[in-house]
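> Dumping the structure here so I can ask a few things about it.
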Amino acid sequence: MAVEERSETGRVTRGREVADIRLERVTKRFDDVVAVDDVSLAIERGSFFALLGPSGCGKTTTLRMIGGFEEPTGGAIFLGDADVTGLPPYKRDVNTVFQSYALFPHLSIFENVAFGLRRRGQRGDPLKRRVEEMLELVALPGLGKRKPGQLSGGQQQRVALARALVNSPQVLLLDEPLGALDLKLRKQMQLELKRIQNDVGITFVHVTHDQEEAMTMADQIAVMNAGRIEQLGSPDELYERPRTAFVASFLGASNLLRGRAAGEGVVRLEDGTEVRVPAAALAGRTGPVAVGIRPEKIRLAAGESNMLEGVIAERSYIGVSTQYIAQTGTGSITVYAQNTDHGPSGLAAGDRVTLSWSPESTFVVDALEEERR
Amino acid sequence: MSIAAEQLPAPRRFDLSARAVAAARHHLLTLFAILALVYLLLPIAVVVAFSFNDPVGRFNFTWGSFTLDNWANPFGFPDLRGAVVLSLEIAALSSIAATILGTLIALALVRYHFRGRGATNLLIFLPMASPEIVMGSSLLTLFLNYSIPLGFATILIAHIMFNISYVVVTVRARLAGHDRHLEEAAMDLFATPWATFYRVTLPLIAPGVLAAGLLAFALSVDDFVITYLVSGSDQTFPLFVWGAARVAVPPQINVIGTMVFAAALVLMFLNIAFQWRRSPKGAA
Ligand SMILES: Nc1ncnc2c1ncn2[C@@H]1O[C@H](COP(=O)(O)OP(=O)(O)O)[C@@H](O)[C@H]1O
Ligand SMILES: [Mg+2]
């Protein structure tokens, strides 16, 4: 019941862009390690938000500060309008799905799921109905009497989800919830998590190091690196217009070419070639920059306004596409060519080739020398 | 082909003799195991058997004739009842106190980072590592320096002290085996620290706490050296036995000893039965 109500309000307020979680200049230091470094972000109500980054970049620490398990060294955390910095976990309207699931081994599945409701004073039939409803939502009806040790990893994961969701929290935190599952189950659970989030309309904050998982599930992704947020945006924004070399290489593959800004929407590469880029991409940058192109956006023929001459150095057939590595005056460039026609394409190693791509498919990041930490 | 056929029997013979050696080894191992068990159990068997002895003279060392008198009258010797009661009182109080204190210390050591945690971890081992005679004489010096009258209170303090170490070690092992996130999960699900403790932490460590309590009880009943030094004129059961042995060894000592042994056996079988009852369900 409560879930449906919340999903209603979730949808209504989504248009108004109310921030459900706000981090203001949050820093967390462990002795001499700065785990989270001056992070500010706002997470929209009802959205599926992913914190993406390599291992050790501070994702878990950020999540734990939202949950109340760690105190920020500096800064403030808001849930809705309330400042919750310093509030213990049991006073926050937030629930967590732990990476290890952390199911209570001495309690039955039913009692695990009922735990939060009981602490809030719910008893009797309403409690029973609510728990069973939730076990149905995660496709585990009738397993209430078992103990966590008697379930498979995938089932335990669902119980952990049910145990958190049953409380209809304002925000659900998930720390690599699919990390322990095998690939097939992980793909299946990704879709299922997305479906459940749609059904209940609760804000999900999902921590992962898997860019594909983040792209599949999230409305908004914050890419973290070394305790900082590199870029925040929708999956397509991050993929099409990465702002840093780190984001460009963490989300998919990309070719990065050194150059210098040379006026409105033009970058001159090291070999003198001029590359046209969207004016907005340059964003007033001067001096050394790097130009980025995704491998699948490059054609192996003239025809687009940005062009480079090169020689095919390597060719590997991957089935759905063929991957070429071409040597050019500014370094090697990877190209993915879709195998839309029957049979292998005609290009072989040693062939001369003209590479071309459109200015719209080009992005600009800070110069490579200044590679972030 | 023919070469191969000729060579075949040889490995088989080798195989047979190897099996014979293996079998002999196997039985040798069994034999050693039986000898070791006999070595361990024979003294207990003698204690039990001599509890039914009607000794000639004051020392229960040689077999006279069979009797049930000792069992009908287990406290039929001056001061024996008082000594047993004192031992049980001290054991009960010291094991309860040490279990509570030791469990709290173990929780603090495993779950919290605080100044002096490393030192505490080390110091908690000291009572287990240092010789009892050193512990006992140091305590005696302490009590004398502060003019604390020796007796019930000093025995109790000493027993609580050495028991705490064993409790901490036992409970800490149990705590370390559990996911630290379980308690965070409880708090995440709106349990206050107190509710987290009695709904999650305590049920999880209960078997360890129980084991620690029983161990403390047994150690307390058994202790001689430290007790001897700090007891003043009070007598626990081990002190009584030692004192009596100089003038007489009554068979009642064997009766009490057999009772303690039987109680331990009953507890052990209860534990096995309890685990056996749980495991088929757990495996289903
Ligand atoms: N309790 C802690 N004590 C000391 N250092 C910690 C602690 N928790 C995390 N760290 C450090 O903070 C950094 C970020 O950790 P974490 O947030 O777990 O990263 P992620 O979840 O992205 O892999 C790491 O360098 C880690 O070693
Ligand atoms: Mg992590």
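The values are calculated or read from the model by the stated rules, or taken from the named source; none is laboratory data. This structure is a prediction, so every number in the text was calculated from the model and none was measured. So basically every Cβ, Gly included, is an ideal-geometry build from the backbone, and we count neighbours across all protein chains shown.
> Residues of the stretch A:180-209 being within 16 Å of ligand 1 (Cβ to nearest atom) and either part of a strand (DSSP E or B) or more than 14 Å from every other protein chain (Cβ to nearest Cβ) (or both), which ones?
A:Val205, A:His206, A:Val207, A:Thr208, A:His209
> Let me ask something else about it. Which members of the stretch A:201-217 meet the condition of being away from ligand 2 (no atom under 16 Å from the Cβ) and surrounded by 20 or more Cβ atoms within 10 Å (Cβ to Cβ)?
Residues satisfying the conditions are A:Gly201, A:Ile202, A:Thr203, A:Phe204, A:Met217.
> Output the residue which, of all residues in the stretch A:218-249 that are farther than 22 Å from A:Asp20 by Cβ, small (Gly, Ala, Ser) and away from ligand 2 (no atom under 16 Å from the Cβ), is nearest to the other protein chains (Cβ to nearest Cβ).
Among residues in the stretch A:218-249 that are farther than 22 Å from A:Asp20 by Cβ, small (Gly, Ala, Ser) and away from ligand 2 (no atom under 16 Å from the Cβ), the one nearest to the other protein chains (Cβ to nearest Cβ) is A:Ser249.
> Follow-up. Give the residues of the stretch A:151-177 that are surrounded by 24 or more Cβ atoms within 10 Å (Cβ to Cβ) and on the phi > 0 side of the Ramachandran plot, sorted by residue number.
None; the set is empty.
> So, A:Leu181, is that one at pLDDT below 95 and surrounded by fewer than 21 Cβ atoms within 10 Å (Cβ to Cβ) or not?
Considered against the rule, which asks whether it is at pLDDT below 95 and surrounded by fewer than 21 Cβ atoms within 10 Å (Cβ to Cβ), A:Leu181 comes out as yes.
> A:Val113 - would you say it is within 11 Å of chain B (Cβ to nearest Cβ) and part of a helix (DSSP H, G or I)?
Answer is yes for this residue.
> Would you kindly identify the helices (runs of 4 or more DSSP H) lying entirely within the stretch B:104-198 that contain at least 2 residues that are touching a strand residue (DSSP E or B) at 6+ places or on another chain (Cβ under 8 Å) and within 14 Å of chain A (Cβ to nearest Cβ)?
So the answer is B:181-188.
> It is to be established whether one or more residues within the stretch A:83-98 are out of contact with any Pro (no Cβ under 9 Å at 6 or more places or on another chain), polar (S, T, N, Q) and either within 12 Å of chain B (Cβ to nearest Cβ) or closer than 20 Å to A:Ile66 by Cβ (or both).
Taking every residue of the stretch A:83-98 in turn, none turns out to be out of contact with any Pro (no Cβ under 9 Å at 6 or more places or on another chain), polar (S, T, N, Q) and either within 12 Å of chain B (Cβ to nearest Cβ) or closer than 20 Å to A:Ile66 by Cβ (or both).
> Considering only residues that are in a strand (DSSP E or B) and away from ligand 1 (no atom under 16 Å from the Cβ), which ones fall in the stretch A:45-74?
A:Phe48
> In addition: Residues of the stretch A:41-85 being small (Gly, Ala, Ser) and free of Cβ contacts under 8 Å to residues at least 24 places away in the same chain, which ones?
Within the stretch A:41-85, A:Ala42, A:Gly56, A:Ala82 meet the criteria.
> Being farther than 25 Å from A:Glu70 by Cα and in contact with a His (Cβ under 7 Å, 6 or more places away or on another chain) is the filter here; which residues of the stretch B:168-222 pass it?
The answer is B:Pro203, B:Ser220.
> Another question, then. Could you check how many residues of the stretch A:75-126 are surrounded by fewer than 17 Cβ atoms within 10 Å (Cβ to Cβ) and within 16 Å of ligand 1 (Cβ to nearest atom)?
1
> Another question, if that's okay. I'd like to know if the stretch B:170-189 contains one or more residues that are closer than 28 Å to B:Ser231 by Cβ and surrounded by 13 or more Cβ atoms within 10 Å (Cβ to Cβ).
Within the stretch B:170-189, one or more residues are closer than 28 Å to B:Ser231 by Cβ and surrounded by 13 or more Cβ atoms within 10 Å (Cβ to Cβ).
> Of all residues in the stretch A:298-323 being in a strand (DSSP E or B) and in contact with a helix residue (DSSP H, G or I) (Cβ under 9 Å, 6 or more places away or on another chain), which is farthest from A:Phe363 (Cα to Cα)?
A:Ser321
> Identify all residues within the stretch A:131-163 that are among the basic types (Lys, Arg) and away from every other protein chain (no Cβ under 14 Å); write none if there are none.
Passing the criteria: only A:Arg158.
> Given the conditions (1) within 14 Å of another protein chain (Cβ to nearest Cβ); (2) closer than 30 Å to B:Leu144 by Cα; (3) charged (D, E, K, R), report the number of the one that B:Asp234 does not fulfil.
Of the numbered conditions (1) within 14 Å of another protein chain (Cβ to nearest Cβ); (2) closer than 30 Å to B:Leu144 by Cα; (3) charged (D, E, K, R), the odd one out for B:Asp234 is (1).
> While we're here: Out of A:Gly58, A:Gly68, I need the residue that is among the small types (Gly, Ala, Ser) and more than 13 Å from ligand 2 (Cβ to nearest atom). Which one?
Result of the check over A:Gly58, A:Gly68: A:Gly68.
> Looking only at helices (runs of 4 or more DSSP H) that lie completely in the stretch B:203-284, which have at least 3 residues being surrounded by fewer than 17 Cβ atoms within 10 Å (Cβ to Cβ)?
B:237-245, B:252-283
> What's the number of the condition A:Arg123 fails, among (1) within 16 Å of ligand 2 (Cβ to nearest atom); (2) more than 8 Å from chain B (Cβ to nearest Cβ); (3) farther than 22 Å from A:Asp219 by Cα?
(1) is the only condition that A:Arg123 fails.
Each row is one residue, and each column tells you yes or no for (1) under 30 Å from B:Arg174 (Cα atoms); (2) in contact with a helix residue (DSSP H, G or I) (Cβ under 7 Å, 6 or more places away or on another chain).
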residue	(1), (2)
B:Leu42	no, no
B:Val46	no, no
B:Gly57	no, no
B:Asp69	no, no
B:Phe77	no, yes
B:Val84	no, yes
B:Arg117	yes, yes
B:Ser137	no, yes
